[in-house]
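Presented below is the structure to which this report refers.
The values are calculated or read from the model by the stated rules, or taken from the named source; none is laboratory data. All values derive from a computational prediction rather than experimental measurement. As a convention, Cβ positions derive from the backbone with ideal geometry for all residues, glycine included, and neighbour counts pool all protein chains shown. Surface areas here come from the heavy atoms of the whole protein model, side chains and all, with no ligands, DNA or RNA. Shrake-Rupley method; radii C 1.70, N 1.55, O 1.52, S 1.80 Å.
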Protein chains: 2
Amino acid sequence: VKPAVVPRLYKGLRDFLPDQMAARHRLIETIRGVYERYGFVPLGTPAIEHLDVLSGSAGQEAQDSIFRVQNLKDRGEDESALGLRFDLTVPLARVVSQYRDLPRPFRRYQVAPVWRADKPDRGRFREFIQFDIDSVGVESDVADVEIIAALCDTLEALDAGPYRVRFSSRRILNLVLQFASVPAELEVRILRQRGTPHERTDVERRPGTDVFRVLDKLDKIGAEKVRLEMGPGYRDDSGDWIPGLGLQPSQIDRIESFLAIRGDRRDDVLRQLSELFRDLPNARPEIEVLERISRRLEMLGYDDDRAIIDLSVARGLAYYTGPVFEALLLDAPQFGSVVGGGRYDDLVSRFLGESVPAVGASIGVDRLLAALVELGRINLKKSTADVLVVVVEPAVMDDCLSMTFELRRAGIPTEMYLGSRGIGKQIGYADALQIPIAVVFGGDEKAKGVITLKDMARGKLVSDQLTARADWLRERPGEVKVPRNQLVEAVQHLLARRED
Amino acid sequence: VKPAVVPRLYKGLRDFLPDQMAARHRLIETIRGVYERYGFVPLGTPAIEHLDVLSGSAGQEAQDSIFRVQNLKDRGEDESALGLRFDLTVPLARVVSQYRDLPRPFRRYQVAPVWRADKPDRGRFREFIQFDIDSVGVESDVADVEIIAALCDTLEALDAGPYRVRFSSRRILNLVLQFASVPAELEVRILRQRGTPHERTDVERRPGTDVFRVLDKLDKIGAEKVRLEMGPGYRDDSGDWIPGLGLQPSQIDRIESFLAIRGDRRDDVLRQLSELFRDLPNARPEIEVLERISRRLEMLGYDDDRAIIDLSVARGLAYYTGPVFEALLLDAPQFGSVVGGGRYDDLVSRFLGESVPAVGASIGVDRLLAALVELGRINLKKSTADVLVVVVEPAVMDDCLSMTFELRRAGIPTEMYLGSRGIGKQIGYADALQIPIAVVFGGDEKAKGVITLKDMARGKLVSDQLTARADWLRERPGEVKVPRNQLVEAVQHLLARRED
């Protein structure tokens, strides 16, 4: 006997059962509605791309995060290393380069799965859906304003509860390096062996921008460890040595004086920033970008309770070159930022050799969905049907089928029970699927020219209150009989009552 | 200098630019609307599956059609051969086996891309979207009726023009083998060498069901070649020898007498079929299935002009075990069947070792889209925006931004031109994107407290008629000035007029 195949998924992959899938679809359509109101247009690209298109000049670590794809039938005629896309920005850059007659600016949205071969973790999956908007070919920071506004509108359309879009600028961070005299290259001492008395020390060269990588951990590891990692390094709780960037205390002080700039009001943060950088001649134009964005957001009604300037926002990705932003649900901070984005001017240059200004944002749809589910802010519904037609006996099958189609044609989502079990199990099925109304029709009903309608929720509610079986039989909670020819009206009436 | 990466796609893959993508989305949402009205519930599964889950006992050829997926970082800890799904039915079978507490019947829809590593061809791609519905755990052929009805409703909701759902049954085809005395195993003579006088002949054993594979080619190669392929074989136009199945002329005659049963009326086909098989004792129950389906379709109003019985429908896939169906757009026969489906009772047994009755259908979304585009039955629109706000000069940027958001908040999809080009280019951009209305606002307008609205279509229409430039300047075709505070109302008025 051939052994059966075990039904299972690869680690880090998930199924979306109907309740989750329906919620995900509603979430996506809500976002789409906002983005289309902003005039963004949809784009679709295949999951498989040439590996060089995907990886460009990325390092080995980044390249290894790409799932490789192989066509066993393709032996040389179109020889090519292939991979699954890991984001939607690289395919966008390819499209912009490949179709030279696309209108510019090109303001597109794309919602699609992406794949990363990284080790899965709590909330980190190997396939997940991103919903991106980007304006390509736009220098004006009005585009940045628009994207921050669209993110606010989206989170409000989703009824996601209190949130903050936090924004800053990579150019401001670059000024911090100058402000703290961080050189372009750092010499980092690495202790190779762990726990031994004679630790061997190596020296590695690191880019000065590694400071951002460390700053990005602020939320996760706290200010003290960030200070140690910028300085001499430290031994973490598990005993591993975390090498430091080797900055001097005076340098770290300067960086910290920058990080100390916090405030609930954008004006206030900008004032402090201007003060701190007053002696840096090239700071003014960069601060003015943030001032302009802030002022226009205010003009459009996006106040400090929706979008704040947070100078600790660095966004890990190396390709950002200007304003960067992310969004946090205040009631679900454990989910981290559900949106990330910023301005990047060089991504298209991989293909064209010229830089094209662009700004965009990516919503982590699945993370956002998980947060909304946790917050009870999205309805998980197991059925699409509002009505289950219960088939009491085979003799009335045709009647039940006719009723089912009457309801469907009246626009009422209806399922007819197609299994072969008794009435009790059928009612249990409606209950398990959370179908609100059951239409019960058997020989009795047929003889009398009536149908029995059962309001499932009401029936449950009342029968919880009626203890005596006799009461139940007399009351028949939530049940009502109506003439057969009033089926549609009666169901519509029950549904309307439920929605009150 | 590092050579630039060439922006390109792997052969057989496609981008969907905004007009196509928007049309595809509308098509998908229309189908979803119908299926949800039938109470089917959505399911989502990942693109990547374990290879044994995907391939089961499939032959090498089928296995090779699966794109292999590799995680370079996964060195043994979860060692597994992986692949991209090639359909949505196998993942469904996995889900049904894996989540044992799913309510049964499980009536789900899934719309998602699938991948096949086969050689691409005109209209045959390596990634394409399928939209499937299936009822799992249902023995009753009412489920088959429902699926045929849903397909009819879908094609009507899509306004796809005249169509036919054609159905038959694999069990009826099995009867044909009995009727024509085709043994379970055929001995097929193969001529190994081509064109030489002394051709070496081998004998291969083929299953009797290979007759179906040949019958399936009827539409493609015609009746004469089908007859030759069922008999001695033939040499095709390119000189290749197509081995025959070796049936005797009397056997082929019987098969042909079956295929000769054609008719526009289901009743008529069923009558001829009963007549032909009158001496086969086990034919009656199988014919009764088709009679029952036909009668119920009629009861629900799905007449012969929508669903016909076509005994030549075989559907290639080996796993069908009962009724099979497909759909054809009568005005676009060159696209072949845009839907295929049928009853399959053994797919889940790969995992569970028990058979579970199921029936379903799959819409080839991209093929259907291509057909609808060719027929001019779906609108290709390049923009989502109804309005482009033209920024005449930088000084009025903030006014333009405010107007843009006023319109968006009134629910009017609006784009503000974010590039840095002149008014003529901006109008050209609106034209290229087919945006119907342009709002023009400059210093002039600001001073007078007005805005200029430009009806793009009307402007084009009228200016085609006005030849003299003087006329044009006097008439300003399609342009109207309105007070600044009447922006939203005026745009709504113009849009309403367009829709008349």
- Message: Can you give the FRET efficiency to the nearest 0.05 for A:ARG235 and A:ASP202, using r as the Cβ-Cβ distance and R₀ = 25 Å?
- Response: 0.90
- Query: Placing +1 at every Lys and Arg Cβ and -1 at every Asp and Glu Cβ, with all other atoms neutral, what dipole size does the protein assembly as shown have around its Cα centre, in debye to the nearest 20?
  - Reply: 460
- Per-selection metrics, the stretch A:250-379 (Cα): Rg and Dmax in Å: 17.1, 54
- Query: PRE reach from B:ARG278 (point 7 Å along Cα→Cβ): which of the stretch B:169-187 fall under 19 Å by backbone N?
  - Reply: B:176, B:179-180
- Query: Rounded if a/c is under 1.5, else prolate if a/b beats b/c, else oblate: with a ≥ b ≥ c from the C-alpha gyration tensor eigenvalues square-rooted, which is the stretch A:64-218?
  - Reply: oblate
- Please compute how much accessible surface disappears when A pairs with B, both sides summed, using a 1.4 Å probe, and round it to the nearest 100 Å². 9400
- Query: Which residue, chosen from A:LEU487, A:VAL69, B:SER362, occupies the Cα position most advanced towards the positive end of the dipole of the protein assembly as shown, where the dipole is computed from +1 (Lys, Arg) and -1 (Asp, Glu) charges on Cβ about the Cα centre?
  - Reply: A:VAL69
- tail above 43 Å in the computed P(r) of chain B, as % of all Cα-Cα pairs, reads 36
- Under a point spin-label approximation (7 Å from Cα along Cα-to-Cβ), what is the B:ALA432-A:ILE242 distance to one decimal in nm? 4.9
- With the full set of protein chains in place, find how many percent of the accessible area of the stretch B:193-319 is carbon and sulfur; take the probe as 1.4 Å. 48
- Order of exposure, largest accessible area first, which applies to A:SER250, A:SER65 with probe 1.4 Å: A:SER250, A:SER65
- Query: With +1 on each Lys and Arg Cβ and -1 on each Asp and Glu Cβ, how big is the dipole of chain B about its Cα centre, in debye rounded to the nearest 20?
  - Reply: 1200
- Give the nm distances, rounded to one decimal, from A:LYS382 to the matching residue in every other copy, measuring between label points 7 Å along Cα toward the beta carbon; shortest first. 5.0
- Set of aspartates and glutamates near A:LYS446 by C-alpha distance (under 12 Å), chain-local residues within fewer than 8 positions excluded: A:GLU393, A:ASP398, A:ASP399
- Query: Which order, highest average first, do A:242-249, B:110-117 follow once you tally other Cβ atoms within 10 Å for each residue and take the mean per peptide?
  - Reply: B:110-117, A:242-249
- Task: Quickly estimate the mean residue ellipticity at 222 nm for the protein assembly as shown, helices only: each DSSP H run with n ≥ 4 gives -39500 (n - 2.57), and the total goes over all residues, rounded to 500.
- Result: -11500 deg cm²/dmol
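Tell me, what is the per residue accessible area of the stretch B:304-402 in Å², probe radius 1.4 Å? List each step's numbers first, then the result.
Numbers: 3260 Å² over 99 residues.
Dividing the accessible area of the stretch B:304-402 by its residue count gives 33 Å².
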- Message: If DNA, RNA and ligands are ignored and the probe is 1.4 Å, what is the ranking of B:PHE125, A:PHE16 by accessible area, most exposed first?
- Response: B:PHE125, A:PHE16
- Note on the structure: Row for the stretch A:299-434, column shape: gyration tensor on C-alpha, a ≥ b ≥ c, rounded if a/c < 1.5 i.e. under 1.5, prolate if a/b over b/c, else oblate; value prolate
- Could you give the nm distance between label points at A:ALA410 and B:ARG497, where each point is 7 Å from its Cα heading toward the beta carbon? 4.2
- So which residues of the stretch B:142-157 lose at least 40 Å² of accessible area, probe 1.4 Å, when you go from the chain by itself to every protein chain present? B:VAL142, B:GLU146
- Please name which of B:TYR10, B:LEU186, B:GLY422 has its Cα lying farthest along the dipole of chain B towards the positive end, using unit charges on Cβ (Lys, Arg +1; Asp, Glu -1) and the Cα centre as origin. B:GLY422
- Computed Kirkwood radius, in angstrom, where 1/r is averaged over Cα pairs of the protein assembly as shown: 32.5
- Message: Please compute the average number of Cβ atoms from other chains found within 10 Å of each residue's Cβ in peptide A:417-423.
- Response: 5
- Message: Suppose R0 equals 41 Å. What FRET efficiency, 1/(1 + (r/R0)^6) with r the Cβ-Cβ distance, do A:ASP264 and B:ALA4 give to the nearest 0.05?
- Response: 0.35
- Query: Relative contact order (percent) for chain A, with alpha-carbon contacts under 8 angstrom and 6 or more residues of separation?
  - Reply: 14
- Query: What are the nm distances, shortest first, from B:GLU185 to its equivalents in the other copies, labels at 7 Å along Cα→Cβ?
  - Reply: 7.4
- Query: Under a straight-distance cross-link criterion of Cα-Cα below 19 Å, which aspartates and glutamates are reachable from A:LYS11, leaving out those fewer than 8 residues away in the same chain?
  - Reply: A:ASP64, A:ASP118, A:ASP121, A:GLU127, A:ASP366, B:GLU49, B:ASP52, B:ASP74, B:GLU77, B:ASP78, B:GLU79
- Message: At 7 angstrom along the Cα-to-beta-carbon line, where would the label on B:GLY246 sit relative to the other copies? Give the distances in nm, shortest first.
- Response: 8.0
- Here the tail fraction of P(r) beyond 14 Å, over all Cα-Cα pairs of the stretch A:220-288, rounds in percent to 67
- Task: Figure the gain on full extension for A:ARG189 and A:ALA81 (residue separation times 0.36 nm, minus the Cα-Cα span) and round it to one decimal in nm.
- Result: 35.1 nm
- For A:99-107, what's the mean count of beta carbons from other chains sitting within 10 Å of each residue's beta carbon? 4
- Note on the structure: If the chain between B:ARG124 and B:SER355 were fully extended at 0.36 nm per residue, the gain over the current Cα-Cα distance would be 79.9 nm
- Kindly report, to the nearest 10 Å², the accessible surface of B:HIS493 as traced by a 1.4 Å probe over protein heavy atoms only. 120
